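Okay, structure first, notes after.
Just so you know, all these numbers are worked out from the coordinates, no wet-lab data involved. Computed from a predicted model, the values in this text were never measured in an experiment. Neighbour counts run over all protein chains shown; Cβ positions are idealised from the backbone, glycine included.
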C-alpha cells in the first residue's frame, strides 16, 4: 500500500483502529508506523483552500444557509448534516474550514499532468456552483475584507477555539480567515527518508518567502508578507511550530506527538450543542498514565495527530502545509516546483546544500518574504534548480515553459 493510499473499510482493520493503548512505548511505535509509510515516491496530492466572498460585497459575512444551497449535494456534512456529500466531478471531496473557506482535496495521482487536470476540472465546477449563488473565491491567503469569525458549529471547532483563544488572536485567525495550499508527497524508501524530510523541511522558509500571498487582513496591511504563516506559527506552538530536522524523524515526531497537549477528549457528538472536554495541559502521554478519562485508544491517537499542524506534518505521507493559497491558477507553480525539487536524490542533495543554512528562518520568511537577503539567495538557487528539473516532470513543453516563466517573475513580484 502506498503512502498516499487509504486502507479499505475492513471490519478487522476498523476494530484494530479502536484498540486500547497501554503505554508510551506502544503509542510511539504506533505513531511512527502510521505517520511514516515507506515506499517508492510515486504519488502526489494537493489540498487547496480558498476564502469565499460575496461578489457584490466582499465584506459581508457568509450566510451558512445560502452557502449550503449553493453547494447543494456537494456540501460537506459539517455544513449540512443531511447532505449526501457527493465528490466533485473529478473525484475530489469538498470540505469546509471553520470560517467557511472551501477546500478541494484532490485524489493523489501518479503524474502531475493527471493531478493538474483533475483539480482544474473540480475547481471550475466549484467556481460555477458558487457563482450561481453570488459567491466568488478569494485571491489571497487571508481574508482581506472581514475579521475572523467561525461559521461552522461543530464540537471539534468549538474545542479548538476554546483552547486557542487564551493563547492569543492567531488561533481564530488561522481557523477562520486563512487559506493554504497543501502538497502531499510520498515518504519514500527508508534509506532516503532522513534526506527527504530534511529537504522538505528546510525548503519551508524559502518557499514561504517566495510564495507569500497574505499581506492584508480585515482591510488592513499587517506588515507581514505571509500573515497566514504568522498566524499558524503563533496559534499554539506545541502543535503548530516546525518540527526539528533530525536523522530519525519518525522517532522524533512520535515523541512530539505524545508530549503535545490533548486538544480535546471527544464525546458522542450526536447533538449540535455537544461540547467536547478540553483538558488543560494534559499531554497524550499523561492521558495514557492518568485516570481522569477513559483509557485512550489508537483511534484517539489518530485523532490527536489531526489536531497537530506543523508546517510539515507526517500523515502516512509528507503533508506540506506551509504554502499560502495562490491567486487563480497560480497554485500550479509551487506544486510543480516542490515536486521537481523532491524528484530525485540528486535534487534533494542540492536542496539541502542551499536551504539548510536558512531552514530555521520561519519568522523572517513570513515577515519579510524575499526581502530577506539570505532567503532570497537560497530562493534563487531553488528556482534555478527547479527550472532544470521541471522538464523531467512530464508536464509537456508549453506548461513547463509557463511554469518556468512564472518562477522567473517571483523575485520581481517580491519587490513590487
Revision key, fill the gap. The exposure ranking of 189, 114, fewest beta-carbon neighbours within 10 Å first, is 189, 114
Review point. At a Förster distance of 35 Å, what's the computed FRET efficiency of residue 282 paired with residue 81, Cβ-Cβ distance as r, to 0.05?
Key: 0.70
Study note, to complete from the structure: In nm, the gap between the two label points placed 7 Å beyond Cα toward Cβ at residue 259 and residue 363 is 2.0
Review point. Given the Cα-Cα distance of residue 221 and residue 371 and 0.36 nm per residue of separation, how much length would full extension add, in nm?
Key: 52.3 nm
Study note, to complete from the structure: Two pseudo-spin positions, 7 Å from Cα along C-beta at residue 167 and at residue 149, lie apart in nanometres by 2.5
Check your understanding: Sorted by average packing, counted as other Cβ atoms within 10 angstrom per residue and highest first, what order do 316-323, 213-220 take?
Key -> 316-323, 213-220
Review point. Relative to a virtual label point 7 Å from the Cα of residue 136 in the Cα→beta-carbon direction, which members of segment 207-247 show backbone nitrogen distances below 16 Å?
Key: 219
**Study point:** the chain, helix-only ellipticity at 222 nm - DSSP H runs n ≥ 4, -39,500 (n - 2.57), divided by all residues, nearest 500
**Key:** -13500 deg cm²/dmol
Point to revise | Footprinting exposure proxy for 170, 192 (fewest neighbouring C-beta atoms within 10 Å first) | key: 192, 170
**Study point:** Two-site label geometry, residue 69 and residue 266: point separation in nm, points 7 Å out along Cα→Cβ
**Key:** 3.3
Review point. What shape does the chain take by its C-alpha gyration tensor, where a ≥ b ≥ c are the square roots of the eigenvalues and a/c under 1.5 counts as rounded, a/b above b/c as prolate, and the rest as oblate?
Key: rounded
Review point. For the peptides 283-289, 116-122, 45-51, 226-232, what is the packing order when you average, over each peptide's residues, the other Cβ atoms within 10 Å and list the highest mean first?
Key: 226-232, 45-51, 116-122, 283-289
Review point. What ranking do 38, 53, 315, 22 get, fewest neighbouring Cβ atoms within 10 angstrom at the top?
Key: 22, 38, 315, 53
Study note, to complete from the structure: FRET efficiency (residue 248, residue 56; Cβ distance; R0 51 Å; to 0.05) is 0.40
Check your understanding: Under the classification rounded if a/c is under 1.5, otherwise prolate if a/b is larger than b/c and oblate if not, where does segment 330-416 fall, given a ≥ b ≥ c as square roots of the Cα gyration tensor eigenvalues?
Key -> oblate
